[in-house]
Amino acid sequence: MSSVHLAAVDLGASSGRVMLGRVGPGHLELTEVHRFPNEPVRAGNTLHWDILALWRGVLDGLRAAGPVTSIGVDSWAVDYGLLDATGALLGNPAHYRDGRTDGLAERVAKQLGEERLYTTTGLQQLPFNTLYQLAAAAGTPQLDIAHRLLLIPDLIAYWLTGQLGAELTNASTTQLYDLRRRAWATGLMADAGIRSELFPPLREPGSRIGPVRPDLGLPGSPEVVAVGSHDTASAVVGVPAAGDHFAYVSCGTWSLVGVELDAPVLTEASRRANFTNESGVDGTIRYLRNVMGLWLLQESLRTWNTADLPDLLRRAAREPAFRCVVDPDDPAFLPPGDMPARIADACRRAGEPVPATPAATVRCIMDSLALAHRRAVRQAQQLSGRHVDAVHVVGGGARNELLCQLTADACGLPVLAGPVEATALGNVLVQARATGIIGGDLAALRAVLRETQHIVRYEPRGDQAAWQAAEDRMGG
């Protein structure tokens, strides 16, 4: 069989892109055909996503891709658009970094029962989970008249096809999904005062959604396929692991650190450690912890108004290790703003030396992220009983040689870095299997990655006792 062309729409927190995948026997190649910014917009007191600019970028990219067999859409989690009874969008979706849920999550969780929430949904307690966003929106005219709620990739798929649905890997991030029943948690919704009829039927990743609407004028006659529409679900498909004994770090704006399991871990110890159980492709569980990843670096670069990251990383590598460390999950780091100043404040509060230069701040970020990766990898093994032999770093962070080496050193395990485009590759592979181009289980899909993608290996070095002492200082 000759190769076929598939389009992956991958919407990230800072940019979106359309990737063209060429897939055939022993062949898997990606080309970026269009990239477009994803810039939040503040209107009044609310931070919004500019969803119509994203939609325009998606259409421009799909036209640039040319004729394709199918299209898959993935994006970040938890955020949603509301539709009225005619299918029209009721305003721009709110951004998960907006402050409307500040202080609300704790009250709602206590009302519903923290243990009940965890044993039903398996989710890590995060202030921006969809549950809390809907609690913040209670009583607003938009929510009162809404007919349907669609998570971001489901909204794009609806605009492409006219078909309503909710792909379950992303649905599982809402804290409104019953993980064991693989169904919407209607009882929780009722007790939270949320109308269950807002939520459309669930879709399995790999199912066919429908053909693209002819009036969009896209080349060819593509159909839209449900992929792992939560970008981390597609990224985990894109981990080129051999066997089951691996941890992954899907490293971008967030670091998603965990293991892949056959069943959720819903113990009290897991809840207290704030680990999350999210649905993956082929019935797997993404057992992981959200770490506030390269957001700290991205916001620092924006504050300094510099794009010369390679030079900063070279200078950071020459800075003394562990001079100062912070907990990346400190809530003070969540909103946009002057990140270097907030890192300096966190160091003062913890009695750590304050970084005096941008290079010292970057080294503080890199050491702290490596320590957070170390902590999450260790806890994932302890809580799940799954031993790991290597850590796969995928996504944009796989390019960061300093962070990859520090993660290997911190974990005391080999780090296998790459592919950078794991999310788009996982998106394309699920499409390719759904359309019959390739077959097999996740192991077979990952074998294709090992045969076709470039992976860099980092061996651990250094003193584990020094890393443990630094982790003890980090706290959290």
For Leu403, only one of the following conditions fails: (1) within 28 Å of Pro127 (Cα to Cα); (2) among the aliphatic types (A, V, I, L, M); (3) touching a Pro at 6+ places or on another chain (Cβ under 8 Å). What is its number? (3)
Within 19 Å of Ala13 (Cα to Cα) and open to solvent by 30 Å² or more (accessible area, probe 1.4 Å) - does that describe any residue in segment 270-287? no
For Leu402, the lone unmet condition from (1) under 20 Å from Gly293 (Cβ atoms); (2) open to solvent by less than 10 Å² (accessible area, probe 1.4 Å); (3) of a type in the set (A, V, I, L, M) is (2)
Report those helices (runs of 4 or more DSSP H) wholly inside segment 113-201 carrying at least 3 residues which are more than 23 Å from the chain's Cα centre (by Cα) and within 22 Å of Thr46 (Cβ to Cβ). 141-145
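Within segment 1-32, which residues are outside any loop (DSSP other than H, G, I, E, B), under 20 Å from Gly396 (Cβ atoms), under 22 Å from the mean Cα position of the chain (by Cα) and not charged (D, E, K, R)?
Ala8, Val9, Leu11, Ser15, Gly16, Val18, Met19, Leu20, Gly21, Leu30, Thr31
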Every pair of residues 6+ apart whose Cβ atoms lie under 8 Å, when the first sits in segment 24-42 and is in contact (Cβ under 8 Å) with a residue 24 or more places away in the chain and under 13 Å from Val428 (Cα atoms) while the second is among the polar types (S, T, N, Q) and exposed (fewer than 13 other Cβ atoms within 10 Å of the Cβ): Gly24/Ser2
If the requirement is being part of a loop (DSSP other than H, G, I, E, B) and either in contact with an Asp or Glu (Cβ under 8 Å, 6 or more places away or on another chain) or free of Cβ contacts under 8 Å to residues at least 40 places away in the same chain (or both), which of these qualifies: Val420, Val388? Val420
Quick one: Val227 ticks every box in (1) open to solvent by 10 Å² or more (accessible area, probe 1.4 Å); (2) not in a helix (DSSP H, G or I) bar one, so which box is it? (1)
Note on segment 248-262: residues open to solvent by less than 10 Å² (accessible area, probe 1.4 Å), of a type in the set (Gly, Ala, Ser) and either closer than 14 Å to Gly397 by Cβ or part of a helix (DSSP H, G or I) (or both) are Ser255
I'm told Ala235 meets every condition in (1) in contact with a His (Cβ under 9 Å, 6 or more places away or on another chain); (2) not in a loop (DSSP other than H, G, I, E, B) except one. Can you identify the failing condition by its number? (1)
Name every residue in segment 306-320 that is in a loop (DSSP other than H, G, I, E, B), open to solvent by 50 Å² or more (accessible area, probe 1.4 Å) and modelled with pLDDT of 95 or more, in order of residue number. Arg318, Pro320
Filtering segment 179-189 down to residues that are open to solvent by 10 Å² or more (accessible area, probe 1.4 Å) and either among the aromatic types (Phe, Trp, Tyr) or under 14 Å from Thr130 (Cβ atoms) (or both) yields Trp184
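The values are calculated or read from the model by the stated rules, or taken from the named source; none is laboratory data. Note that this is a predicted model, so its numbers are computed, not measured. Using ideal geometry, Cβ is built from the backbone for each residue, glycine included, and neighbour counts are taken over all protein chains shown. Side chains are part of the model used for accessible areas, which takes the heavy atoms of the whole protein and leaves out ligands, DNA and RNA. Shrake-Rupley method; radii C 1.70, N 1.55, O 1.52, S 1.80 Å.
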